[in-house]
Amino acid sequence: MLFMDLDGTLLDDTARHYSTYAELLGLPEMRGLPIPDKEYWGLRREGKPIEEILRKSRLFPTKFKEFGQRFEERVETPEMLALDRVRVGTETALGKLYTKTPIVLVTQRRDGAELENQLARLGLRKYFAEVLFGGLKPTRRPTKDDRWQHKAGLLRARYKILPTEALFIGDTDNDVKAARSLKFDVWLVEGGHQNKELQIKADPDRIIPDVVGGLKHMLPGGRWQR
């Protein structure tokens, strides 16, 4: 059985995230100064905390919390979602895989309706047997483990008995941690939300250039065709 992450793995969402960041900083009540998109994504892929990026953007620390809340509200609006692009080769790979094994999409998107609309518009919805989604709820004392534990929780809530043979394909160390906690094999695709140095450090079972680049390891006769 195959489980797949969405943003960064199947979709290039870099324009959406940067545009949301730049738009919010430009608001009169924010008065920040966006750093160039290359620098922004360089820091994001190095795993730098958003607070460091906002300091570089000359945003007052008193505005950090408000920025975070407004970012979450804006980044999944139809206008911003329209900026996403399907990564090269993704449709080819999904078209070859979905007839061989059930594919379950697992994402921490908050807005289920907009998620379904986007998947339909991009022509991807037909490839997924199920779509599991749900945003991480803010806590008083957030930890570095919250995101991967939440992603793993989405699967545990759906599958009371987990598949004994499953592969999870994602793009960050959080995907590795979530998959390991479920006893799934895990592969990471390059060029997503994390640089390769951090991906190697996360120690996945395999790193592939993109989803289509992983086909030769799954087809024909791969054990994930179940």
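The numbers here are math on the coordinates, done by the rules we state, and not lab data. These figures come from a predicted structure and were not determined experimentally. Cβ: placed from backbone, ideal geometry, glycine included. Neighbour counts: every protein chain shown.
Out of everything in region 45-89 that is surrounded by fewer than 15 Cβ atoms within 10 Å (Cβ to Cβ) and of a type in the set (Phe, Trp, Tyr), what residue ends up being nearest to Leu119 (Cα to Cα)? Taking the candidates together, the pick is Phe64. When Gly42 is tested against (1) under 23 Å from His150 (Cα atoms); (2) surrounded by fewer than 17 Cβ atoms within 10 Å (Cβ to Cβ), only condition (1) is not met.
Evaluate the following for Leu154: is it surrounded by 15 or more Cβ atoms within 10 Å (Cβ to Cβ) and in contact with a Lys or Arg (Cβ under 8 Å, 6 or more places away or on another chain)? No. If the condition is being crowded, with 19+ Cβ neighbours inside 10 Å and either in contact (Cβ under 8 Å) with a residue 60 or more places away in the chain or farther than 24 Å from Lys48 by Cα (or both), then region 183-209 contributes Phe184, Val189, Gly192, His193, Gln194.
Scanning region 77-127 for residues that are at positive phi and without any contact (Cβ under 8 Å) to a residue 60 or more places away in the chain returns a single hit, Gly123.
Candidates are the residues of region 90-106 that are of a type in the set (S, T, N, Q) and surrounded by fewer than 22 Cβ atoms within 10 Å (Cβ to Cβ); the one that is nearest to Phe168 (Cα to Cα) is Thr101. Scanning region 79-106 for residues that are among the small types (Gly, Ala, Ser) and assigned to a strand (DSSP E or B) yields a total of 0.
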